[in-house]
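One structure is given here, and the rest of the page talks about it.
The values are calculated or read from the model by the stated rules, or taken from the named source; none is laboratory data. Not measured: the values here are computed from a predicted model. Glycine gets a Cβ as well: all are built from the backbone with ideal geometry, and neighbour counts include every protein chain shown. With ligands, DNA and RNA removed, areas are computed over all heavy atoms of the protein, side chains included. Shrake-Rupley method; radii C 1.70, N 1.55, O 1.52, S 1.80 Å.
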Amino acid sequence: MKGLAERYAQVRDALPPGVTLVAVSKKRTVEEIRALYDLGHRDFGENYAQELRAKQPLLPLDIRWHFIGHLQRSNVRHIVPIAHLIHGIDGAELLDEVEKRAAALGRPAQVLLQVHIAREETKHGLSEAESREVAAAWAGGRWPHVRLRGLMGMATNTADKGQVAREFEGLAALHAALRSTLGPAGTDFGTLSMGMSGDLAQALAAGSTLVRVGTAIFGERD
Ligand SMILES: *Cc1c(COP(=O)(O)O)cnc(C)c1O
């Protein structure tokens, strides 16, 4: 079996320049995260608020934590102070809460809107129309302590690569459209978070700027 350093290098070296690699460390130990940190990696992704809160104080402060799971309102106050980027924003009410916490901290929170692009009903996210509404409200100044940095999406879990490619292409098109309607406010709206171990190739082909990879770096999760 290949070691962590080899798997990490393989994933990293296959990415086009300018694409951010977030190592998804959910269900990984602090020691495993530390090993990747020691290889020079700084961007890590966690899905569960409790797990992130438990690990964060045990690890170096210069790690950029990406919150990639479903964020509950009750957890916003714990996550805003720790997260470099919150990927899973799926409602205006959640942004109201993020705004409140970021304002209290006196610094902006960086977020992505999660768009529902998969066929599965279980995956969270906004519709295209809702994404447009939230982006317009943000551009109108509703959340002054929030920086809207782009979109995030998860494709259907299917062997049909064409289906996955179409879903990612749809998200990329929405990202481009929103960016142009945002005008000057859209200059920082450059992030398109899509692609994981199983659908990396399709995501990159569709223009992903940030990939979230767990298994291909750390191995299979229990
Ligand atoms: C678990 C997870 C990933 C990483 O999945 P792998 O298949 O292990 O690469 C990426 N994004 C989200 C939102 C996840 O929950």
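Scan segment 53-62 and tell me whether some residue there is in contact with a Leu (Cβ under 8 Å, 6 or more places away or on another chain) and touching a residue at least 12 places away in the same chain (Cβ under 8 Å). Within segment 53-62 (the criterion being in contact with a Leu (Cβ under 8 Å, 6 or more places away or on another chain) and touching a residue at least 12 places away in the same chain (Cβ under 8 Å)), the answer is no, since none of the residues qualifies. The set of residues in segment 56-78 that are within 16 Å of the ligand (Cβ to nearest atom), open to solvent by 20 Å² or more (accessible area, probe 1.4 Å) and either out of contact with any strand residue (DSSP E or B) (no Cβ under 7 Å at 6 or more places or on another chain) or not in a loop (DSSP other than H, G, I, E, B) (or both) comprises Arg64, Gln72, Asn75. In segment 23-40, the count of residues that are within 16 Å of the ligand (Cβ to nearest atom) and aromatic (Phe, Trp, Tyr) is zero. Within segment 119-165, if we keep just the residues that are of a type in the set (Asp, Glu) and not in a loop (DSSP other than H, G, I, E, B), the residue that is farthest from the chain's Cα centre (by Cα) turns out to be Glu133. Here the condition is being more than 13 Å from the ligand (Cβ to nearest atom) and among the acidic types (Asp, Glu); of Asp160, Asp199, it holds for Asp160 alone. When Leu148, Leu210 are checked against the criterion of being at pLDDT 95 or above, touching a Ser or Thr at 6+ places or on another chain (Cβ under 9 Å) and either within 13 Å of the ligand (Cβ to nearest atom) or over 30 Å from Gly3 (Cα atoms) (or both), Leu210 stands alone in meeting it.
With the structure loaded, tell me whether Gly140 is more than 21 Å from Leu36 (Cβ to Cβ) and open to solvent by 30 Å² or more (accessible area, probe 1.4 Å) or whether it fails that test. So Gly140 passes the test. So Gly183 ticks every box in (1) within 16 Å of the ligand (Cβ to nearest atom); (2) out of contact with any Ser or Thr (no Cβ under 9 Å at 6 or more places or on another chain); (3) not aliphatic (A, V, I, L, M) but one. Which box is left unticked? Exception for Gly183: condition (1). Scanning segment 187-222 for residues that are over 18 Å from Gly153 (Cβ atoms) and either open to solvent by 20 Å² or more (accessible area, probe 1.4 Å) or assigned to a helix (DSSP H, G or I) (or both) yields Thr187, Asp188, Thr215, Ala216, Ile217, Phe218, Glu220, Arg221, Asp222.
Table: residues versus (1) of a type outside the set (Val, Ile, Thr); (2) touching a helix residue (DSSP H, G or I) at 6+ places or on another chain (Cβ under 6 Å); (3) assigned to a helix (DSSP H, G or I); (4) open to solvent by 60 Å² or more (accessible area, probe 1.4 Å).
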position: Leu36; (1), (2), (3), (4): yes, no, yes, no
position: Ile86; (1), (2), (3), (4): no, no, no, no
position: Glu93; (1), (2), (3), (4): yes, no, yes, yes
position: Ala103; (1), (2), (3), (4): yes, no, yes, no
position: Gln110; (1), (2), (3), (4): yes, no, no, no
position: Ile117; (1), (2), (3), (4): no, yes, no, no
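In the set (1) open to solvent by 60 Å² or more (accessible area, probe 1.4 Å); (2) in contact (Cβ under 8 Å) with a residue 12 or more places away in the chain, the condition left unmet by Thr156 is number (1). Taking the conditions exactly as written (touching a Ser or Thr at 6+ places or on another chain (Cβ under 8 Å) and either of a type outside the set (Phe, Trp, Tyr) or more than 26 Å from Ala159 (Cβ to Cβ) (or both)), does Leu113 satisfy them or not? For Leu113, the condition - touching a Ser or Thr at 6+ places or on another chain (Cβ under 8 Å) and either of a type outside the set (Phe, Trp, Tyr) or more than 26 Å from Ala159 (Cβ to Cβ) (or both) - is met.
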